[in-house]
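Undergrad: Mind having a look at this structure? Questions to follow.
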Amino acid sequence: MTKASPFARVPCYGGVMIRAKARLLPALLPILAAACSTDGHYPSLGLRGVERSGGSATPVAGEAAPPAPALPPASADLVTRLDGLVAVAREADRRFQADRGPAERAVAAAGNVASDSWSSAGVALARLESSRSNAMVALADLDTLYVDARVAAPIAESPSTSAIAAARDEVSGWVAAQDKVIESLAARLRS
(Lines give C-alpha, C1' and ligand atoms only; values in the text may rest on other atoms or scores of the structure.)
Protein backbone atom coordinates (compact mmCIF):
# COMPACT_ATOMS: atom_id res chain seq x y z
CA MET A 1 0.00 0.00 0.00
CA THR A 2 1.17 3.42 -0.79
CA LYS A 3 1.13 6.11 1.71
CA ALA A 4 -0.94 9.25 0.84
CA SER A 5 1.07 12.38 0.23
CA PRO A 6 0.23 15.45 2.36
CA PHE A 7 0.07 17.40 -0.93
CA ALA A 8 -2.41 15.07 -2.56
CA ARG A 9 -5.15 16.76 -4.51
CA VAL A 10 -8.19 17.58 -2.49
CA PRO A 11 -11.47 17.53 -4.40
CA CYS A 12 -12.95 20.95 -5.05
CA TYR A 13 -16.30 21.62 -3.42
CA GLY A 14 -16.58 25.17 -4.73
CA GLY A 15 -19.69 24.29 -6.66
CA VAL A 16 -21.44 23.44 -3.39
CA MET A 17 -20.65 26.92 -2.03
CA ILE A 18 -21.95 28.62 -5.13
CA ARG A 19 -25.25 26.74 -4.95
CA ALA A 20 -25.56 27.59 -1.24
CA LYS A 21 -24.99 31.30 -1.95
CA ALA A 22 -27.48 31.18 -4.79
CA ARG A 23 -30.15 29.86 -2.40
CA LEU A 24 -29.45 32.67 0.09
CA LEU A 25 -29.58 35.49 -2.45
CA PRO A 26 -33.39 35.63 -2.84
CA ALA A 27 -33.72 35.82 0.93
CA LEU A 28 -31.17 38.68 1.15
CA LEU A 29 -32.55 40.80 -1.71
CA PRO A 30 -35.41 42.39 0.28
CA ILE A 31 -32.99 43.29 3.09
CA LEU A 32 -30.49 44.84 0.67
CA ALA A 33 -33.23 46.77 -1.13
CA ALA A 34 -34.54 48.15 2.14
CA ALA A 35 -31.06 49.39 3.04
CA CYS A 36 -30.87 51.38 -0.20
CA SER A 37 -34.26 53.04 0.07
CA THR A 38 -34.81 56.44 1.68
CA ASP A 39 -37.75 58.14 3.23
CA GLY A 40 -37.54 60.99 0.72
CA HIS A 41 -35.96 63.56 3.08
CA TYR A 42 -32.59 64.64 1.72
CA PRO A 43 -30.26 67.13 3.40
CA SER A 44 -30.26 70.63 1.92
CA LEU A 45 -27.42 71.59 -0.39
CA GLY A 46 -27.84 75.27 0.51
CA LEU A 47 -25.38 77.24 2.62
CA ARG A 48 -25.45 76.48 6.32
CA GLY A 49 -25.12 79.22 8.90
CA VAL A 50 -21.52 78.33 9.67
CA GLU A 51 -20.63 78.64 5.98
CA ARG A 52 -21.80 82.22 5.67
CA SER A 53 -19.27 85.03 5.92
CA GLY A 54 -19.94 87.79 8.37
CA GLY A 55 -18.24 90.75 6.67
CA SER A 56 -17.95 92.41 3.32
CA ALA A 57 -14.99 93.01 1.06
CA THR A 58 -15.68 96.71 0.59
CA PRO A 59 -13.23 99.14 2.22
CA VAL A 60 -14.45 101.44 4.94
CA ALA A 61 -15.51 104.84 3.59
CA GLY A 62 -12.78 107.44 3.89
CA GLU A 63 -9.95 104.92 4.20
CA ALA A 64 -7.63 104.38 1.29
CA ALA A 65 -6.31 100.94 0.55
CA PRO A 66 -2.74 100.55 1.78
CA PRO A 67 -0.20 100.81 -1.03
CA ALA A 68 1.48 97.64 -2.19
CA PRO A 69 4.91 97.24 -0.66
CA ALA A 70 7.71 98.33 -2.98
CA LEU A 71 9.86 95.55 -4.28
CA PRO A 72 13.59 95.92 -3.64
CA PRO A 73 15.71 97.07 -6.58
CA ALA A 74 17.93 94.67 -8.45
CA SER A 75 20.99 93.75 -6.42
CA ALA A 76 24.39 95.13 -7.33
CA ASP A 77 25.63 91.59 -7.99
CA LEU A 78 22.83 90.99 -10.48
CA VAL A 79 23.42 94.30 -12.25
CA THR A 80 27.14 93.52 -12.50
CA ARG A 81 26.41 90.07 -13.91
CA LEU A 82 23.92 91.47 -16.42
CA ASP A 83 26.42 94.12 -17.53
CA GLY A 84 29.03 91.39 -17.99
CA LEU A 85 26.71 89.20 -20.09
CA VAL A 86 25.67 92.15 -22.26
CA ALA A 87 29.34 93.10 -22.72
CA VAL A 88 30.17 89.54 -23.84
CA ALA A 89 27.28 89.62 -26.33
CA ARG A 90 28.29 93.08 -27.56
CA GLU A 91 31.85 91.86 -28.19
CA ALA A 92 30.49 88.80 -30.02
CA ASP A 93 28.34 91.12 -32.17
CA ARG A 94 31.38 93.29 -32.91
CA ARG A 95 33.32 90.21 -34.06
CA PHE A 96 30.30 89.06 -36.07
CA GLN A 97 30.09 92.42 -37.86
CA ALA A 98 33.83 92.27 -38.59
CA ASP A 99 33.49 88.77 -40.09
CA ARG A 100 30.31 89.64 -41.97
CA GLY A 101 31.97 91.54 -44.84
CA PRO A 102 34.47 88.81 -45.75
CA ALA A 103 31.72 86.16 -45.51
CA GLU A 104 29.40 88.14 -47.82
CA ARG A 105 32.21 88.63 -50.35
CA ALA A 106 33.13 84.92 -50.21
CA VAL A 107 29.52 83.83 -50.73
CA ALA A 108 29.11 86.31 -53.62
CA ALA A 109 32.27 84.91 -55.28
CA ALA A 110 31.36 81.25 -54.65
CA GLY A 111 31.30 79.13 -57.75
CA ASN A 112 29.64 75.81 -58.21
CA VAL A 113 29.54 73.16 -55.50
CA ALA A 114 32.89 71.50 -54.78
CA SER A 115 34.90 74.40 -56.23
CA ASP A 116 37.60 76.08 -54.17
CA SER A 117 35.61 79.34 -53.99
CA TRP A 118 32.52 77.46 -52.74
CA SER A 119 34.61 75.74 -50.04
CA SER A 120 36.11 79.09 -49.02
CA ALA A 121 32.62 80.57 -48.74
CA GLY A 122 31.56 77.65 -46.53
CA VAL A 123 34.55 78.26 -44.25
CA ALA A 124 33.76 82.00 -44.09
CA LEU A 125 30.14 81.21 -43.20
CA ALA A 126 31.28 78.81 -40.47
CA ARG A 127 33.60 81.53 -39.09
CA LEU A 128 30.65 83.92 -39.05
CA GLU A 129 28.52 81.40 -37.13
CA SER A 130 31.38 80.80 -34.70
CA SER A 131 31.82 84.52 -34.03
CA ARG A 132 28.30 84.75 -32.63
CA SER A 133 28.64 81.73 -30.31
CA ASN A 134 29.46 83.85 -27.24
CA ALA A 135 26.33 85.92 -27.85
CA MET A 136 24.29 82.69 -27.88
CA VAL A 137 25.88 81.58 -24.58
CA ALA A 138 25.15 84.98 -23.01
CA LEU A 139 21.54 84.78 -24.22
CA ALA A 140 21.17 81.30 -22.71
CA ASP A 141 22.49 82.58 -19.37
CA LEU A 142 20.08 85.52 -19.50
CA ASP A 143 17.20 83.14 -20.26
CA THR A 144 18.12 81.05 -17.21
CA LEU A 145 18.31 84.14 -15.00
CA TYR A 146 14.95 85.34 -16.30
CA VAL A 147 13.25 82.01 -15.62
CA ASP A 148 14.70 81.87 -12.10
CA ALA A 149 13.54 85.43 -11.39
CA ARG A 150 10.02 84.70 -12.67
CA VAL A 151 9.83 81.57 -10.53
CA ALA A 152 10.90 83.60 -7.49
CA ALA A 153 8.24 86.29 -8.16
CA PRO A 154 5.56 84.70 -10.38
CA ILE A 155 2.79 87.25 -9.85
CA ALA A 156 4.41 90.67 -9.96
CA GLU A 157 7.40 91.52 -12.11
CA SER A 158 10.18 92.51 -9.76
CA PRO A 159 12.86 95.11 -10.57
CA SER A 160 15.33 92.22 -10.91
CA THR A 161 13.09 90.57 -13.49
CA SER A 162 12.72 93.85 -15.37
CA ALA A 163 16.49 94.38 -15.46
CA ILE A 164 17.06 90.84 -16.71
CA ALA A 165 14.33 91.22 -19.34
CA ALA A 166 15.86 94.46 -20.65
CA ALA A 167 19.31 92.87 -21.00
CA ARG A 168 17.77 89.75 -22.53
CA ASP A 169 15.82 91.78 -25.10
CA GLU A 170 18.96 93.68 -26.13
CA VAL A 171 21.03 90.51 -26.62
CA SER A 172 18.12 88.71 -28.26
CA GLY A 173 17.86 91.54 -30.81
CA TRP A 174 21.52 91.13 -31.76
CA VAL A 175 21.20 87.34 -32.06
CA ALA A 176 18.04 87.63 -34.18
CA ALA A 177 19.78 90.04 -36.59
CA GLN A 178 22.76 87.69 -36.79
CA ASP A 179 20.44 84.75 -37.51
CA LYS A 180 18.90 86.61 -40.44
CA VAL A 181 22.33 87.38 -41.95
CA ILE A 182 23.48 83.76 -41.59
CA GLU A 183 20.24 82.37 -43.05
CA SER A 184 20.47 84.74 -46.01
CA LEU A 185 24.10 83.86 -46.76
CA ALA A 186 23.46 80.12 -46.34
CA ALA A 187 20.50 80.32 -48.76
CA ARG A 188 22.64 82.13 -51.35
CA LEU A 189 25.41 79.55 -50.94
CA ARG A 190 22.99 76.63 -51.49
CA SER A 191 21.50 78.04 -54.68
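Undergrad: Run down 122, 84 and say which single residue is under 27 Å from residue 167 (Cα atoms), assigned to a helix (DSSP H, G or I) and either touching a Leu at 6+ places or on another chain (Cβ under 8 Å) or not aliphatic (A, V, I, L, M) (or both).
TA: The unique qualifying residue is 84.
Undergrad: Given the conditions (1) in contact (Cβ under 8 Å) with a residue 24 or more places away in the chain; (2) in a helix (DSSP H, G or I), report the number of the one that residue 101 does not fulfil.
TA: Condition (1) is where residue 101 drops out.
Undergrad: Could you grab the pairs with beta carbons closer than 6 Å, sequence gap of 6+ or different chains, first residue in segment 144-161 and of a type in the set (A, V, I, L, M, F, W, C), second one not in a loop (DSSP other than H, G, I, E, B)?
TA: Partner pairs satisfying both residue conditions: 145/164; 149/160; 149/161; 149/164.
Undergrad: Out of (1) closer than 20 Å to residue 183 by Cβ; (2) surrounded by 13 or more Cβ atoms within 10 Å (Cβ to Cβ), the odd one out for residue 108 is which?
TA: (2)
Undergrad: So which of 161, 144 is among the β-branched types (Val, Ile, Thr), surrounded by 16 or more Cβ atoms within 10 Å (Cβ to Cβ) and within 20 Å of the chain's Cα centre (by Cα)?
TA: 161
Undergrad: Right, here's the next one. Of everything in segment 119-137 that's crowded, with 17+ Cβ neighbours inside 10 Å and hydrophobic (A, V, I, L, M, F, W, C), which residue is modelled with the lowest pLDDT?
TA: The selected residue is 121.
Undergrad: In segment 89-102, what residues are surrounded by fewer than 16 Cβ atoms within 10 Å (Cβ to Cβ) and among the hydrophobic types (A, V, I, L, M, F, W, C)?
TA: Of everything in segment 89-102, just one residue is surrounded by fewer than 16 Cβ atoms within 10 Å (Cβ to Cβ) and among the hydrophobic types (A, V, I, L, M, F, W, C), namely 98.
The values are calculated or read from the model by the stated rules, or taken from the named source; none is laboratory data. Every value quoted in this text rests on a predicted model; they were computed, and no experiment measured them. Because the Cβ atoms are built from the backbone with ideal geometry, glycine has one as well, and the counts that use them run over all protein chains shown.
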